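A short write-up of the structure that comes next.
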Amino acid sequence: MNKAWGHFKTITHHRHLVRKYCFAVGLYWQGLTHDLSKYSPTEFSVGARYFQGDRSPNNAEREATGVSTAWLHHKGRNKHHFEYWIDYSLEGDHRICGMKMPVKYVVEMFMDRIAACKTYQKDKYTDKSPLEYYEKGKAHYLMHPETEALLTELLTMLSEHGEEYTFSYIRRIILHNAK
């Protein structure tokens with residue numbers, strides 16, 4: 001299969017899942033606009049070149065070149081990535097740290113993680129998959145403690161209670177009470 005076509009199908013499938021999940025909790029604009037930058041020449045050409053189908057092409061690009069230019073472009077344009085929210089603190093010694101994310105972007109990040117796991121794991125996916133993937137990498141994340149707590153809460157809830165329960169909770173409690 002042509003790598004560009006495979007990459008197109010993969011990112012489109014991923015976007016479809018995120019759109020479906022965002023719509024389920026009332027985040028319509030985010031569902032419609034999620035990851036549109038993946039179709040830009042900067043991201044799409046790299047994604048097609050490093051496409052493998054079972055993992056992010058960004059990791060393959062990093063392995064080949066030492067950096068993922070597609071990821072640097074992507075994370076700077078998509079507010080549902082906690083990396084978008086990394087900045088200098090105005091307190092103390094002005095270290096780089098994670099800023100608190102608006103709740104709607106934390107929810108989109110949660111939906112993104114479900115969709116990514118389903119896209120790459122296919123029939124091996126379980127409701128525990130996003131939490132397991134998150135726990136493997138969280139030691140190196142620069143994430144605001146409140147953002148991290150909400151994401152962990154939602155991933156744990158999904159793992160223990162499934163999508164229907166968790167999406168209902170997000171719609172009724174999390175987004176209803178968000179500022």
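The values are calculated or read from the model by the stated rules, or taken from the named source; none is laboratory data. Values in this document were obtained by computation on a predicted structure and should not be read as measured data. Quick reminder, even Gly has a Cβ in these numbers, built from the backbone with ideal geometry, and neighbours come from all protein chains shown. What goes into the accessible areas is simple: the full protein's heavy atoms, side chains included, and nothing from ligands, DNA or RNA. Shrake-Rupley method; radii C 1.70, N 1.55, O 1.52, S 1.80 Å.
Can you tell which of Pro145, Pro130 is of a type outside the set (S, T, N, Q) and under 18 Å from Met101 (Cα atoms)? Please lay out each step first, then the result.
On the way: Pro130 fails: under 18 Å from Met101 (Cα atoms).
None of the other options fit; the residue is Pro145.
Of everything in segment 116-144, what is out of contact with any Gly (no Cβ under 6 Å at 6 or more places or on another chain), touching a residue at least 40 places away in the same chain (Cβ under 8 Å) and not aliphatic (A, V, I, L, M)? Give them in sequence order. Before the answer, list the steps.
Of the residues in segment 116-144, the ones out of contact with any Gly (no Cβ under 6 Å at 6 or more places or on another chain) are 116-126, 128-141.
Checking the rest, the ones that are also touching a residue at least 40 places away in the same chain (Cβ under 8 Å) come to 116, 118-120, 141.
Lys118, Thr119, Tyr120, Tyr141, listed by residue number.
Just to check your reading of the model, which residue among Arg95, Arg55, Arg77 is open to solvent by 50 Å² or more (accessible area, probe 1.4 Å) and over 14 Å from the mean Cα position of the chain (by Cα)? Reasoning before the result, please.
On the way: Arg55 fails: over 14 Å from the mean Cα position of the chain (by Cα); Arg77 fails: over 14 Å from the mean Cα position of the chain (by Cα).
Result: Arg95 is the single residue among Arg95, Arg55, Arg77 that is open to solvent by 50 Å² or more (accessible area, probe 1.4 Å) and over 14 Å from the mean Cα position of the chain (by Cα).
Scan (1) touching a His at 6+ places or on another chain (Cβ under 8 Å); (2) more than 21 Å from Asn177 (Cβ to Cβ) for the single condition Met99 breaks and write down its number.
(2)
Starting from segment 20-32, take each residue that is assigned to a helix (DSSP H, G or I) and list its partners that are modelled with pLDDT of 95 or more and open to solvent by 90 Å² or more (accessible area, probe 1.4 Å), counting only C-beta distances under 6 angstrom and pairs at least six apart or across chains.
Val25/Arg171
What number of residues within segment 102-136 satisfy the criterion of being more than 13 Å from the chain's Cα centre (by Cα) and either aliphatic (A, V, I, L, M) or open to solvent by less than 60 Å² (accessible area, probe 1.4 Å) (or both)?
Number satisfying all stated conditions: 5.
One residue is enough: does segment 57-70 have a residue meeting the conditions at pLDDT 95 or above and in a strand (DSSP E or B)?
Scanning segment 57-70 turns up no residue that is at pLDDT 95 or above and in a strand (DSSP E or B).
Only residues that are in a helix (DSSP H, G or I) and open to solvent by 20 Å² or more (accessible area, probe 1.4 Å): list them for segment 1-16, please.
Applying the first criterion (in a helix (DSSP H, G or I)) to segment 1-16 yields 3-16.
Listed by number, the residues that qualify are Lys3, Ala4, Trp5, Phe8, Lys9, Thr10, Thr12, His13, Arg15, His16.
With respect to Asp35, determine if the residue is open to solvent by 70 Å² or more (accessible area, probe 1.4 Å), in contact (Cβ under 8 Å) with a residue 12 or more places away in the chain and touching a helix residue (DSSP H, G or I) at 6+ places or on another chain (Cβ under 9 Å).
Details: open to solvent by 70 Å² or more (accessible area, probe 1.4 Å): no; in contact (Cβ under 8 Å) with a residue 12 or more places away in the chain: yes; touching a helix residue (DSSP H, G or I) at 6+ places or on another chain (Cβ under 9 Å): yes.
Against the criterion (open to solvent by 70 Å² or more (accessible area, probe 1.4 Å), in contact (Cβ under 8 Å) with a residue 12 or more places away in the chain and touching a helix residue (DSSP H, G or I) at 6+ places or on another chain (Cβ under 9 Å)), Asp35 does not qualify.
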